[in-house]
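A.B. asks: One structure follows; several queries about it will come next.
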Amino acid sequence: MKKQAGEVQLEAVQGDITKQPDVTAVVNAANAQLMSGGGVAGAIHRAAGPALAEDCRRLAPIRPGEAVLTEAFDLPNKYVIHALGPVYGMDKPENVLLADCYRNTLILAEEQKIDSIAFPAISTGAFGYPFEAATDIALQTVIEMAPDLKYVRHIRFVLYGDIDFDVYVERLRMLKD
Ligand code: AR6
């Protein structure tokens, strides 16, 4: 499912964030220590290899809403942008902190002149953010930023489950052409 937001193409796919070889950067739904873990962080660290954790050490810890950039090592991408989502019900205001993750990631991508980027659904796994509310924040934030993006031309949302994918498809369909 693809949708154009000005000069930026938004796309939702069902799949694994570590298997997106055609994008320059993938986003990690990180933990504060930027270490391996469950979900996306575990998958990214496994696929990138131990050099990623080694490189992350100098950047940790990060705060909710913050994003930092590293190389992607053995992943088929150039960069990983590690964003720490809010723990739902704990890090507040969670809607602002979740929007900050998407905004700060895109700011870093622009600084590196990155053309294409893939996001997982940050905070919607172990951190417990209700999926539909998180989807609205993700899409609203990138659509708000789209007119100001000079380098990023392709934003992919990689959803793990089919129900999650359906939520993105429905929301993207609802956007005006
Ligand atoms: N590719 C794409 N999406 C995935 C993948 C994958 N390989 N694996 C899971 N998801 P989570 P969070 C989906 O828990 O909520 C970690 O343990 C998943 O279904 O990875 O931000 C870290 O160490 C869900 O929709 O991230 C942190 O401590 C979404 O990705 C903590 O979890 C995010 O799930 C971060 O929690």
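No lab work stands behind these numbers, since they all come straight from the coordinates. No experiment lies behind these values; they were computed from the predicted model shown. For neighbour counting, all protein chains shown are included, and Cβ atoms are generated from backbone atoms with ideal geometry for every residue, glycine included.
A.B. asks: Between V26, V87, V158, find the one with the highest GNM mean-square fluctuation for the chain; connect C-alpha pairs within less than 10 Å.
C.D. replies: In this elastic network of the chain, the residue with the biggest mean-square fluctuation among V26, V87, V158 is V87.
A.B. asks: A follow-up question, please. Along the charge dipole of the chain, which of S123, V158, T24 sits closest to the positive end, that is, farthest toward it, with unit charges on the beta carbon of Lys, Arg, Asp and Glu (+1, +1, -1, -1)?
C.D. replies: Positive-end residue among those listed: T24.
A.B. asks: Let me ask another. K150: which lysines have alpha carbons under 24 Å from its alpha carbon, excluding same-chain residues fewer than 8 sequence positions away?
C.D. replies: In chain and number order, the partners are K2, K3, K78, K113, K176.
A.B. asks: Tell me which of V87, L175, A67 sits at the most positive position along the dipole axis of the chain, charges placed on C-beta atoms (Lys, Arg +1; Asp, Glu -1).
C.D. replies: Checked the options; the winner is A67.
A.B. asks: Choose one answer from A43, A138, A51: the residue with the largest mean-square fluctuation in a GNM of the chain with alpha-carbon springs under 10 Å.
C.D. replies: So, out of A43, A138, A51, the one fluctuating most is A51.
A.B. asks: Between the alpha-carbon centers of segment 107-166 and segment 1-40, tell me the distance in whole angstrom.
C.D. replies: 7 Å
A.B. asks: I'd like the Kirkwood hydrodynamic radius of the chain, using the inverse of the mean 1/r over distinct C-alpha pairs, in Å.
C.D. replies: 15.8 Å
A.B. asks: Return the calculated 222 nm mean residue ellipticity for the chain, to the nearest 500 deg cm²/dmol, obtained by summing -39500 (n - 2.57) across DSSP H runs with n ≥ 4 and dividing by the residue count.
C.D. replies: One gets -11000 deg cm²/dmol as the mean residue ellipticity at 222 nm.
A.B. asks: On a full-extension model of 0.36 nm per residue, what is the gain between E170 and K150, subtracting their alpha-carbon distance, rounded to one decimal in nm?
C.D. replies: 4.5 nm
A.B. asks: Please check: in the Gaussian network model of the chain (C-alpha springs, under 10 Å), which one of E71, E132, E111 has the largest mean-square fluctuation.
C.D. replies: Checking each option, the largest mean-square fluctuation is seen for E111.
A.B. asks: Looking at the calculated P(r) for segment 1-93, what percent of the C-alpha pair distances fall above 23 Å?
C.D. replies: 29 percent
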